[in-house]
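The structure appears below as structure tokens.
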């Protein structure tokens, strides 16, 4: 059969101006796509995919119905709670006035205490800041003194190094030795 297909395709040589489309077992590309789609649909029906999709949709619909029923129950409960709290709110207005007066008194007391505490805190923090500044000033003065001493020592070493040569060093050594011998 393969040889018949090859012969038929060889016999169908392109005529000038016409192109020949490739075929296999008598089907062109469109035919093979159709066959593949039929195979896919057949496998889906054989594996019962439409029934599975319908079952999944039915379970989703049932879950949504349950959620709607639960939402309706919750709405009724919320309406009952709203009515109960509206009744409580109406009776609580008298109590609210007394609570407001008491709260204002307590707020005034809290504000007065906060002012006194803030003043004490500001004074304490001011003293701490002054102490820190004084300590930092002392540390800075000590650093400047140490830096000046180090600079002076380095300058003296450079001056001594520049002004003394081997002959003056020998003379100083001789003086030191003679001073030690005299003692």
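FYI, it's all coordinate maths here, none of it is from the lab. Computed from a prediction, not measured in an experiment: that's the story for all the values here. Counting neighbours? That spans all protein chains shown, and the Cβs are built from the backbone with ideal geometry, glycine included.
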Apply 1/(1 + (r/R0)^6) to the Cβ-Cβ distance of residue 51 and residue 93, taking R0 = 45 Å, and write down the FRET efficiency to the nearest 0.05.
0.10
Which three lengths, in whole Å and largest first, does segment 55-105 cover when its Cα atoms are put on their principal axes?
68, 19, 5
Determine the distance separating the Cα centre of segment 167-183 from the Cα centre of segment 39-76; give it in Å without decimals.
115 Å
Hull-based mean projected area of the chain, where the convex hull spans the alpha carbons, in square nanometres:
51.4 nm²
With Cα coordinates, the longest principal axis of the chain makes an angle with the long axis of helix 166-182, in degrees rounded to 10, of 50 degrees
How much length is gained if the chain between residue 128 and residue 178 is pulled fully straight, taking 0.36 nm per residue apart and subtracting their Cα-Cα distance, in nm to one decimal?
11.9 nm
Against the empirical 2.2 N^0.38 Å scaling, what ratio does the C-alpha Rg of segment 54-159 come to?
2.90
How far is helix 2-11 tilted off the main Cα axis of the chain, in degrees rounded to 10, range 0 to 90?
90 degrees
Using a basic spin-label model with each label point 7 Å from the Cα along Cα→Cβ, how many nm lie between residue 29 and residue 70?
5.3 nm
So how much slack lies between residue 118 and residue 144, counting 0.36 nm per residue of separation and subtracting their Cα-Cα distance, in nm?
5.5 nm
Quick one, can you get me the convex hull of the C-alpha atoms of segment 84-137 expressed as volume per residue in Å³?
75 Å³
In degrees from 0 to 90, rounded to the nearest 10, what is the angle of the helix 29-46 Cα long axis to the longest principal axis of the chain?
90 degrees
Say each of residue 165 and residue 36 gets a label point 7 Å from the Cα, pointing the same way as Cα to Cβ; how far apart are those two points in nm?
10.4 nm
Which one of 129, 147, 118 has the biggest mean-square fluctuation once the chain is modelled by GNM with Cα springs under 10 Å?
147
